[in-house]
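A quick write-up on the structure given underneath.
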Amino acid sequence: RSIFKVKKSNTEKSKKMEKEEKFFRETFMYDKEINVINTATAECSVPSKRRVDLPVTAGEQLDVIDVTEGNAVICRNSEGRYGYVLVEHLNFR
């Protein structure tokens, strides 16, 4: 019985991730292939001020997807949400 619950939650999670990726591609006009170029850990908790900013929690692992001009990078969190994160809030060790 619990096997079916796991499958259901994985399906829901993948649908949510697909929705987030679609939103990301439309909002950021991102047509390149999404590749993880690095991983980083958030050094401090930062709420998002805009929808394109990714809210992060201290200690959270993030996938770095792309580098932008300026001091922000595009990251993806474990829930599949994308957004800008300032480099000064990240630890690349």
Can you give the charge dipole size of the chain about its Cα centre, rounded to the nearest 20 debye, using +1 on the beta carbon of Lys and Arg and -1 on the beta carbon of Asp and Glu? 740
Carbon and sulfur: what percent of the chain's accessible surface (1.4 Å probe)? 52
Out of the chymotrypsin sites (Phe, Trp or Tyr not before Pro) in segment 38-93, which ones are loop residues according to DSSP with at most 13 other C-beta atoms within 10 Å? F92
Positive-end residue of S78, F92, T39, charge dipole of the chain with Cβ unit charges: S78
Arrange the peptides 31-37, 65-71 so that the one whose residues have, on average, the most other Cβ atoms within 10 Å appears first. 65-71, 31-37
Whole-Hz Karplus couplings 3J(HN,Hα) for segment 14-25, θ = phi - 60° and coefficients 6.51, -1.76, 1.60, Gly and Pro as x, run 5, 5, 5, 5, 5, 5, 5, 5, 4, 4, 4, 4
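The values are calculated or read from the model by the stated rules, or taken from the named source; none is laboratory data. Only a predicted model underlies this, so the values are computations on that prediction, with no experimental measurement involved. Ideal geometry is used to build each Cβ from the backbone, glycine not excepted, and the neighbour counts take in all protein chains shown. Surface areas here come from the heavy atoms of the whole protein model, side chains and all, with no ligands, DNA or RNA. Shrake-Rupley method; radii C 1.70, N 1.55, O 1.52, S 1.80 Å.
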